[in-house]
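Read-outs throughout are calculated quantities, based only on the coordinates presented, and are distinct from any laboratory measurement. The structure presented is a predicted model; accordingly, all values stated were derived computationally and were not measured. Ideal geometry is used to build each Cβ from the backbone, glycine not excepted, and the neighbour counts take in all protein chains shown.
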Amino acid sequence: MNYIEIKDLSKSYFDVKALKKINISISEGSLFGILGPNGAGKSTLIKILATLISPDEGHIYFDNIDLVKKPREIRELIGYVAQEISLDKILTGRELLDFQADLYHMDKFSKLERIESLIAELEMHDWVDRKCGTYSGGMKRRIDLAAGLLHIPKVLILDEPTVGLDIESRNIIWELLESLKKDGMTIILSSHYLDEIDKLADNVVIINDGKVIDQGNPSQLKNKLGGDRVSLKVREFSTLEESKKVKDILSKIDGISQVVVNSAQGYSLNFIAEQGKDLLTKLKVELAFSKFQIFSLSQSQPSLDDVYLQATGKTLQDAELFMTGKRDLKKESKQSMR
Ligand code: ADP
Ligand code: MG
């Protein structure tokens, strides 16, 4: 049964279209992943679900309750953990949780019991009585998560909860999310980490530039690609023109499909090779016939990144680097055209 239905959801910030007619269904008691690079629209979607901003168009229902019309009812159902953490520096973690619990009007006994159990589950005893101002990112995030869970929400919504965290904190958060799911909580989690979504999510939606690229169970999405993923270069840095020629050659070989030119990786070629056929020999012959050589070739099981690559012509990691300005696509393509 679908517990949450999102229909034709759109949202713009002035001229930036952050979400463009998004449709998503989320079943009760599942962990639903929202995967996409920086700027894809993840936080916008999450903030709308947390009733913090309202959509321009579309409908959202939680258990048939209309989110736009009845945000108060939705707020009682949800716990929200934001992407940016802002904790009071003067209070200790325990005081902060105590204060939050009072906002939820919890009675004294259940409040103390709940706080103790969260301290144990998130392994916070050693430092929970220190001031929040002295905490590491991982500690802050754990307190933040505990605060979102005080009232035992039916739906927990988290925006990139493990970004930049130490491995210990990340593992503790992952374990807690898995145990909350076992207890029947519905969890919505955004991430740009493929391994996180692959490990935790029952279902995932991949979004890019405000649009849904694909959605489903992570293994189904990978299996849909139907074979091994191969990355090929005919030279260390090819030109776009050259790679297009190679693409034409590859596309004609039986058993090779979904050939894309990876603009971010020196115009390497990525494709799916059907298993059980000796395609490598055939490939060498066909390339040699057109005077191309193999500079490098690697073969692996498909990952969620391949699902992203097939749809966008870039890997998620490269999309991140361009978004954050660490690489300049225009400059690089000019260089490799030379
Ligand atoms: P993500 O969380 O996936 O990184 P966001 O939802 O934060 O993506 O952003 C989606 C797009 O909307 C980006 O282009 C971003 O720059 C833009 N955006 C987000 N918040 C605002 C805002 N408050 N005002 C203007 N533009 C915004
Ligand atoms: Mg974000």
Loop-resident GluC sites (Glu not before Pro) in segment 52-92 with no more than 16 other Cβ atoms inside 10 Å, DSSP not H/G/I/E/B, are 84
Per DSSP, the loop-located trypsin sites (Lys or Arg not before Pro) within segment 117-175 having at most 15 other beta carbons within 10 Å are 130
Rounded to the angstrom and largest first, Cα extents along the principal axes for the chain equal 80, 42, 42
Taking a crude spin-label model, label points 7 Å out from Cα along the C-beta direction, the residue 282 to residue 167 distance in nm is 4.2
Inter-part gap, Cα centre of segment 1-73 to Cα centre of segment 96-136, in whole angstrom, is 30
For the table 182/211; 7/181; 252/284; 47/89, the rows whose alpha-carbon distance is greater than 20 Å are 182/211; 7/181; 47/89
In whole µm²/s, the translational diffusion coefficient that Stokes-Einstein assigns to segment 170-239, given a Kirkwood hydrodynamic radius over C-alpha pairs, 4 °C and 1.567 mPa s, equals 88
Rounded to the nearest 0.05, FRET efficiency between residue 102 and residue 21 (Cβ-Cβ, R0 41 Å) equals 0.50
Checked segment 31-95 with the C-alpha gyration tensor, a ≥ b ≥ c its square-rooted eigenvalues, rounded below a/c of 1.5, otherwise prolate if a/b is larger than b/c and oblate if not; verdict oblate
For the chain, longest principal axis from Cα atoms; helix 167-182 axis from its Cα atoms; angle between them, nearest 10 degrees, is 70
In cubic angstrom per residue, the convex hull of segment 94-205 built on its Cα atoms measures 106
Using the Kirkwood radius over Cα pairs of segment 1-119, the Stokes-Einstein translational diffusion coefficient at 25 °C and 0.890 mPa s, in µm²/s and rounded to a whole number, is 149
Gyration tensor on Cα atoms of segment 253-295, a ≥ b ≥ c root eigenvalues, a/c under 1.5 rounded, else prolate if a/b beats b/c, else oblate, says oblate
Relative contact order of the chain (C-alpha contacts under 8 Å, at least 6 apart) in percent is 19
Calc'd 3J(HN,Hα), segment 108-120, phi into Karplus 6.51 cos²θ - 1.76 cosθ + 1.60 (θ = phi - 60°), Hz, glycine/Pro = x, comes to 4, 5, 5, 4, 5, 5, 5, 4, 4, 5, 5, 4, 5
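On average, how much area does the Cα convex hull of segment 228-315 cover when viewed from any direction, in nm²?
For the Cα atoms of segment 228-315, the hull's average projected area reads 5.0 nm².
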If one compares the long axis through the Cα atoms of helix 240-251 with the longest principal axis of the Cα atoms of the chain, the angle in degrees, nearest 10, works out at 80
Here, residue 113 and residue 76, labelled 7 Å along Cα→Cβ, have an inter-label distance in nm of 2.1
